[in-house]
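Asks: Have a look at this one.
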Amino acid sequence: MAHALLSASSADRWLHCPASVRLTEGMADKGSSYAAEGTLAHAMAEEDLRAFMEARDPDFSRHCQQPYFYRGMEEDIKLYTDYVKETFLAGAEELAIEQRLDFSEYVPGGFGTGDAVILSQGAVEIIDLKFGKGVPVSPIKNPQLMLYGLGAYLANDWLFDIDTVRMTIVQPRLDFLDTYEVSAGMLTEWARETVTPQAKLAYAGKGDLQAGSWCRWCKIKNTCRARASQHLEFYQSKSAGPELNTAEIADVLAQVDAIKAWLADIETGATETLTAGGEIPGWKLVEGRSNRKITDPEAMAEALKKVYAAEEIYKPQELKTLTALEKLVGKKAFASDYGQYVTKPPGKPTLAPESDKRPALNSPENEFTFE
Ligand code: SF4
């Protein structure tokens, strides 16, 4: 599949750090098992929606042969495909699946692929499937979705006279669905005022190196000097005295996740360099801890049974994990048929920023008290 230099999926990065584009151009994309699983989920969702449009049953037989296929995957894409079908059936005029969306009018060579584009008079809705199960991805002011929305608007305004652009993210494995809506006027103003100037800088290989959460997807995230400087120099002491005050601790806490991620990337990058035969002064690879393994459990059990009773060598039968059982039964059926056997004890007190949606443990909203 062709990729634009300034793609919608990398927009968060090039809008914030335009210089990263030419700096990383041509570097190999390492890919990941998550990406491969996501690609398979998208292919299955596409098959499901095409079958729906052609009034036939979906055929997942070729997908079942893929390495990242698992039992229940069809069920996991349903929240997305059901939402697309319902939105289309609620009076829309056209549904386009995996449509190329061109926004090169505002971004040099810019295009992306819309998972589902639903058109009706006056409105277009982009529906994006995210298959990750880490954290929910919000569509609110999400530049990837806004560029898809821009492409869908530009392609269809002549026919559907579009004044409203909706952008929806469905993340089935987190039961997450959210929509962001803007006027076509606001979207094109954003494209003109914010996107085009940064895109021109990025295309020309100019602009600043600006580190932030978008570094996570950058090909030089392990070695970038701007990112290192941001984390090593972020703390400027505000007051004298041998101990940090609580305001300073709050500042440090706000950086904990980003610093941990950067340190983990430094370790990963150094390990990769040494594995590939490179050198990191003062560092080497050694054999890590490993556990002994039984090579042939059945043969070992047979040998043991000649001397010991079965109950002495076998563990008592035990249930699989909750996650494995839920996967076996299906989420809804598991909740209705076996939910009575499941409880969720209160979690242990955990630090969170004030902006976290959960109420504070010692707030009136939360009756739970702890010593
Ligand atoms: S790691 Fe971050 S700061 Fe460095 S080039 Fe990439 S996006 Fe820019």
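Asks: Just report the Cα centroid separation between region 239-289 and region 183-210, whole Å.
Replies: 33 Å
Asks: Would you mind checking which residues have amide H under 5 Å from ALA8's amide H? H placed 1.01 Å from N; only 5 or more apart, or other chain.
Replies: Those qualifying (amide H under 5 Å, at least 5 residues apart or on another chain) are PHE111.
Asks: Computed FRET efficiency, Cβ-Cβ of ARG173 and ALA240, R0 51 Å: what is it to the nearest 0.05? Don't skip to the answer; put the middle values down first.
Replies: Values: r = 50 Å, r/R0 = 0.98.
Computed FRET efficiency for ARG173 and ALA240 comes out at 0.55.
Asks: Shifting gears a bit: Provide the per residue accessible area, probe 1.4 Å, for region 213-275, rounded to a whole number of square angstrom.
Replies: The answer is 71 Å² per residue.
Asks: For region 90-226, what Kirkwood radius comes out of the mean inverse Cα-Cα distance, in Å? Please report the intermediate quantities before stating the final value.
Replies: On the way: mean 1/r = 0.0622 Å⁻¹.
When all Cα pairs of region 90-226 are included, the Kirkwood radius is 16.1 Å.
Asks: Shifting gears a bit: Along its principal axes, what span do the Cα atoms of the chain show, with the longest given first and each in whole Å?
Replies: Answer, in whole Å and largest first: 83, 68, 57 Å.
Asks: Let me ask you something else. Test of the criteria: in region 264-371, which chymotrypsin sites (Phe, Trp or Tyr not before Pro) are in a DSSP loop and have at most 16 other Cβ atoms within 10 angstrom of their Cβ? Could you put the intermediate results ahead of the total?
Replies: Details: sites: TRP283, TYR308, TYR314, PHE334, TYR338, TYR341, PHE368, PHE370; in loops: TYR308, TYR314, PHE368, PHE370.
In loop regions of region 264-371 (DSSP not H, G, I, E or B), the sparsely surrounded chymotrypsin sites (Phe, Trp or Tyr not before Pro) are TYR308, TYR314, PHE368, PHE370.
Asks: Report the semi-axes of the equivalent ellipsoid for region 213-275 in whole Å, largest first, where each axis is √(5λ) for an eigenvalue λ of the Cα gyration tensor. Before the final figure, lay out the partial values.
Replies: On the way: eigenvalues 155, 26, 21 Å².
The three semi-axes for region 213-275 are 28, 11, 10 Å.
Asks: How about region 8-53: which trypsin sites (Lys or Arg not before Pro) there lie in a loop by DSSP and see at most 13 other Cβ atoms within 10 Å? Numbers along the way, then the final one.
Replies: Numbers: sites: ARG13, ARG22, LYS30, ARG50; in loops: LYS30.
Loop-located and lightly packed - LYS30.
Asks: Shifting gears a bit: For region 116-179 and region 44-61, what is the separation of their C-alpha centers, rounded to whole Å?
Replies: Using only Cα atoms, the two centres lie 21 Å from each other.
Asks: Hull surface divided by four, with the convex hull built on the Cα atoms of region 249-371: how many nm²? Intermediate results must be reported in sequence, preceding the final value.
Replies: Numbers: hull surface 67.2 nm².
For region 249-371, the mean projected area of the Cα convex hull comes to 16.8 nm².
Asks: Among the trypsin sites (Lys or Arg not before Pro) within region 241-304, which fall in a DSSP loop and have no more than 11 other Cβ atoms within 10 Å of their own Cβ? Can you show the working numbers first?
Replies: Numbers: sites: LYS260, LYS284, ARG289, ARG292, LYS293; in loops: LYS284, ARG289, ARG292, LYS293.
Those satisfying the criteria are LYS284, ARG289, ARG292, LYS293.
Asks: Dipole of the chain (Lys/Arg Cβ +1, Asp/Glu Cβ -1, origin at the Cα centre): which of ALA310, THR194, ILE126 lies farthest to the positive side?
Replies: ALA310
Asks: Of the heavy-atom accessible surface of region 213-275 (probe 1.4 angstrom), what whole percent is carbon and sulfur? Mind showing how you got there, number by number?
Replies: Values: 2630 of 4490 Å².
Answer for region 213-275: carbon and sulfur cover 58 percent of the accessible area.
Asks: Suppose every K and R has +1 on its Cβ and every D and E has -1 on its Cβ; what is the size of the dipole of the chain about the Cα centre, in Debye to the nearest 20?
Replies: Working: 40 positive and 55 negative charges, 259 e Å.
It works out to roughly 1240 debye.
Asks: Now, a different point. From the phi of every residue in region 13-26, what ³J(HN,Hα) in whole Hz does the Karplus formula 6.51 cos²θ - 1.76 cosθ + 1.60 yield, where θ is phi - 60° and glycine or proline is x?
Replies: 6, 6, 5, 8, 10, x, 5, 5, 5, 6, 4, 10, 4, x
Asks: Could you work out how much longer the chain between LYS200 and LYS284 gets when fully extended? Use 0.36 nm per residue separation minus the Cα distance between them, nm to one decimal. It would help to have the intermediate numbers written out before the result.
Replies: Values: separation 84, 0.36 × 84 = 30.24 nm, distance 4.28 nm.
Net length gain for the segment: 26.0 nm.
Asks: Based on the Cβ-Cβ distance of SER183 and TYR314, what FRET efficiency does E = 1/(1 + (r/R0)^6) give at R0 = 56 Å, to the nearest 0.05?
Replies: Numbers: r = 67 Å, r/R0 = 1.19.
Efficiency for this residue pair is about 0.25.
Asks: Top mean-square fluctuation among ILE77, ILE140, ILE280, Gaussian network model of the chain, C-alpha springs under 10 Å?
Replies: Comparing ILE77, ILE140, ILE280 in a Gaussian network model of the chain, the most mobile one is ILE280.
Asks: Using the C-alpha gyration tensor of region 130-194, what are the square roots of 5 times its eigenvalues, in whole angstrom, with the largest one first?
Replies: Details: eigenvalues 122, 31, 16 Å².
Value: 25, 12, 9 Å, ordered largest first.
Asks: Amide H to amide H, which residues 5 or more places from LEU101 or on other chains are under 5 Å from it, using H placed in the peptide plane?
Replies: GLY112, THR113, GLY114
Asks: Measuring from label point to label point, each 7 Å out along Cα→Cβ, what is the GLU248 to ASP337 span in nm?
Replies: Placing both labels 7 Å beyond Cα along the Cβ direction yields 5.9 nm.
Asks: A further question follows. Per-residue HN-Hα couplings for region 335-347, Karplus 6.51 cos²θ - 1.76 cosθ + 1.60 at θ = phi - 60°, whole Hz, x for Gly and Pro?
Replies: Taking θ as phi minus 60°, the curve returns 5, 6, 8, 10, x, 4, 9, 10, 9, 10, x, x, x Hz for region 335-347.
The values are calculated or read from the model by the stated rules, or taken from the named source; none is laboratory data. Note that the structure is a prediction, hence the values are computed from the model and not measured. Quick reminder, even Gly has a Cβ in these numbers, built from the backbone with ideal geometry, and neighbours come from all protein chains shown. Surface areas here come from the heavy atoms of the whole protein model, side chains and all, with no ligands, DNA or RNA. Shrake-Rupley method; radii C 1.70, N 1.55, O 1.52, S 1.80 Å.
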